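The values are calculated or read from the model by the stated rules, or taken from the named source; none is laboratory data. This structure is a prediction, so every number in the text was calculated from the model and none was measured. Cβ: placed from backbone, ideal geometry, glycine included. Neighbour counts: every protein chain shown.
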């Protein structure tokens, strides 16, 4: 069976997707330079329970100098030690056992899904729904990734979408590549992040027992799932050296997952095309999508954050969408939100940069 037919069959299996035919309202720039508002009819609002990840163009940064940076030296030291360990791990890769390579790759993909399919598309955006076994798996995978617990990750990410490229955006790319990549984790948050973040509706996250259970026991769980387990398995089960297990399967693997995720915040906001909306900074970046298992179609994602695929093209360089569709076949994922082709083409015509090529 051809790949595109298989995709259509799996994408529609068991649980249908919900299609949006008109994008959510936002301020759009007309050819005369004026701001126009294109409303979304109430009947097209397929996600009434979620509002706080929709871009708010009315918010503007306050005038005045930026507050003095306050360095978080604990984070700086730990991040430096991790990357030194990862660099040493690179030198050990050629002498690793083949099973250790496979273990590291397996751990990479599972932990990445904990961010992309879990913290991002499920809990931050509510772009699809998941039954308990899948939510449990994604909580475990997210803990393996160690990028803050789901509650904190989703809170920051919703603020990133709602107040994108302002001081209330936790990793505001207007402050430069390094800041949006990792620097934001090494300094105290801008007061606007705390102020606006406190106004977000996080009731859905607080009502999710798994999310709050993870938050309560996050530190010991991370120690076990991100550091102890990936080190002990190769050392105990196939006689890998402890040095190779620690520096390759743990430090190097963890550093790669971190940087692949961070590139969505940095590179995908600076380098690439803006076929869907030229008025926002997020870009389409295929290389980022390769590393971040499908999260590099960022201009599309910021234009349509309620699309479960975070891309127009579903499985194209998008392992996360493939995973969610497979879970739908098993009946574990359902109510996948998807933007209609008509809505996509309307946005392209209205705000695209002219780089769009039909796939």
- Note on the structure: Going through region 91-101 in order, the residues found to be surrounded by 13 or more Cβ atoms within 10 Å (Cβ to Cβ) and assigned to a helix (DSSP H, G or I) are 92, 93, 99, 100, 101
- Task: Take region 297-317 and flag every residue that is in a loop (DSSP other than H, G, I, E, B), in contact with a helix residue (DSSP H, G or I) (Cβ under 7 Å, 6 or more places away or on another chain) and more than 17 Å from residue 138 (Cα to Cα).
- Result: 305, 310, 311, 312, 314, 315, 317
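So how many residues does region 119-134 have that are closer than 21 Å to residue 200 by Cβ and crowded, with 21+ Cβ neighbours inside 10 Å? Break it down stepwise before answering.
Step one: filter region 119-134 for residues closer than 21 Å to residue 200 by Cβ, giving 119-129.
Then drop every residue that is not crowded, with 21+ Cβ neighbours inside 10 Å, which leaves 119-125, 127-128.
The qualifying residues number 9.
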- Note on the structure: Exception for residue 199 within (1) at pLDDT 95 or above; (2) closer than 22 Å to residue 280 by Cβ; (3) surrounded by fewer than 18 Cβ atoms within 10 Å (Cβ to Cβ) falls at (1)
- Query: Only one of these conditions is not met by residue 265: (1) in contact (Cβ under 8 Å) with a residue 40 or more places away in the chain; (2) out of contact with any strand residue (DSSP E or B) (no Cβ under 9 Å at 6 or more places or on another chain); (3) under 29 Å from residue 134 (Cβ atoms); (4) surrounded by fewer than 22 Cβ atoms within 10 Å (Cβ to Cβ). Which number is it?
  - Reply: (4)
- Message: Looking at 217, 276, 271, 236 in this structure, which one is surrounded by fewer than 18 Cβ atoms within 10 Å (Cβ to Cβ) and closer than 30 Å to residue 349 by Cβ?
- Response: 271
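Looking at region 103-124, can you tell me whether even one residue there is assigned to a loop (DSSP other than H, G, I, E, B), touching a helix residue (DSSP H, G or I) at 6+ places or on another chain (Cβ under 8 Å) and either within 20 Å of residue 229 (Cβ to Cβ) or at pLDDT 95 or above (or both)?
Scanning region 103-124 turns up no residue that is assigned to a loop (DSSP other than H, G, I, E, B), touching a helix residue (DSSP H, G or I) at 6+ places or on another chain (Cβ under 8 Å) and either within 20 Å of residue 229 (Cβ to Cβ) or at pLDDT 95 or above (or both).
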- Message: Against the conditions (1) over 16 Å from residue 121 (Cα atoms); (2) surrounded by 23 or more Cβ atoms within 10 Å (Cβ to Cβ), where does residue 311 fall short? Just the number, please.
- Response: (1)
- Mind checking which residues of region 323-348 are closer than 13 Å to residue 303 by Cβ and in a helix (DSSP H, G or I)? 343, 344, 345, 346, 347, 348
- Query: Does residue 47 fit the bill of being crowded, with 16+ Cβ neighbours inside 10 Å, at pLDDT 50 or above and part of a loop (DSSP other than H, G, I, E, B)?
  - Reply: yes
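Could you look through region 279-295, keep only residues that are in contact with a helix residue (DSSP H, G or I) (Cβ under 7 Å, 6 or more places away or on another chain) and in a helix (DSSP H, G or I), and pick out the one that is surrounded by the most Cβ atoms within 10 Å (Cβ to Cβ)? So that I can check it myself, show each step before the final result.
Here is the first cut: in region 279-295, the residues in contact with a helix residue (DSSP H, G or I) (Cβ under 7 Å, 6 or more places away or on another chain) are 279-285, 288, 291-295.
Add one more test, that the residue is in a helix (DSSP H, G or I), and what stays is 288, 291.
On the way: 288: 27, 291: 20.
Ranking the candidates gives 288 first.
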- Taking residue 309, is it under 19 Å from the mean Cα position of the chain (by Cα) and within 21 Å of residue 54 (Cβ to Cβ)? yes
- Task: Could you figure out which of (1) within 20 Å of residue 310 (Cα to Cα); (2) more than 15 Å from the chain's Cα centre (by Cα) isn't true of residue 142?
- Result: (2)
- Query: Among the numbered criteria (1) part of a helix (DSSP H, G or I); (2) over 25 Å from residue 318 (Cα atoms); (3) touching a residue at least 60 places away in the same chain (Cβ under 8 Å); (4) under 23 Å from the mean Cα position of the chain (by Cα), which single criterion is violated by residue 247?
  - Reply: (4)
- Message: Contact list please: Cβ distance under 9 Å, first residue in region 73-99 and on the phi < 0 side of the Ramachandran plot and without any contact (Cβ under 8 Å) to a residue 12 or more places away in the chain, second residue part of a loop (DSSP other than H, G, I, E, B) and surrounded by 11 or more Cβ atoms within 10 Å (Cβ to Cβ), pairs at least six apart or on different chains.
- Response: 73/186
- Applying the selection to region 140-171, what residues are closer than 21 Å to residue 298 by Cα, in contact (Cβ under 8 Å) with a residue 60 or more places away in the chain and assigned to a loop (DSSP other than H, G, I, E, B)? 147, 163, 164, 165, 166, 167, 168, 171
- How many residues does region 271-327 hold that are at positive phi and in contact (Cβ under 8 Å) with a residue 40 or more places away in the chain? 4
- Item | Tally, over region 185-205, of residues that are touching a residue at least 40 places away in the same chain (Cβ under 8 Å) and outside any loop (DSSP other than H, G, I, E, B) | 8
